[in-house]
1. What percent does the relative contact order of the chain come to when contacts are Cα pairs within less than 8 Å and at least six residues apart?
2. Could you tell me the convex hull volume per residue, in Å³, taken over the Cα atoms of the chain?
3. Please get the size of the charge dipole for the chain, origin at its Cα centre, with Cβ charges of +1 on Lys and Arg and -1 on Asp and Glu, quoted in debye to the nearest 20.
4. Expected output is a single nm value to one decimal: the length gained when fully extending between residue 36 and residue 82, i.e. 0.36 nm times separation in residues minus the C-alpha distance. What is it?
Amino acid sequence: MGTIHNNKVRRIAAGYRAQGFKVRANVPGYPQPLNIGGRRADVVAIHGRNKVLVEVETRKSFASDTLQRRALRQIAKRAGYRFRTVKA
């Protein structure tokens, strides 16, 4: 059993994998996403030209991780990824 955050990350990663995406997720059992600019997204999913970065936030982390989300959004935009924030 994991945390609410990690369980949500696993569900999102499994959903992308089921759609044929290559997935990296910041939870055990998946290859880890690369550290980009000192940041690591919770899920990175790639299927051809469709690339997605996902950051999962809990009720508590949503307010405190504003800088993390802003940085990941900018990184995603520069690299041609779609960025999603998902609440756990």
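Since every read-out is calculated from the coordinates, none of them should be taken as a lab result. Keep in mind that what you see is a predicted model, and the values were worked out from it rather than measured. A quick note on method: Cβ atoms are made from the backbone with ideal geometry, for glycine too, and the neighbour counts reach across all protein chains shown.
1. 25 percent
2. On the way: hull volume 7.6 nm³, N = 88.
Dividing the Cα hull volume of the chain by its residue count gives 86 Å³.
3. Details: 20 positive and 4 negative charges, 51 e Å.
About 240 debye.
4. Length gained between residue 36 and residue 82: 15.0 nm.
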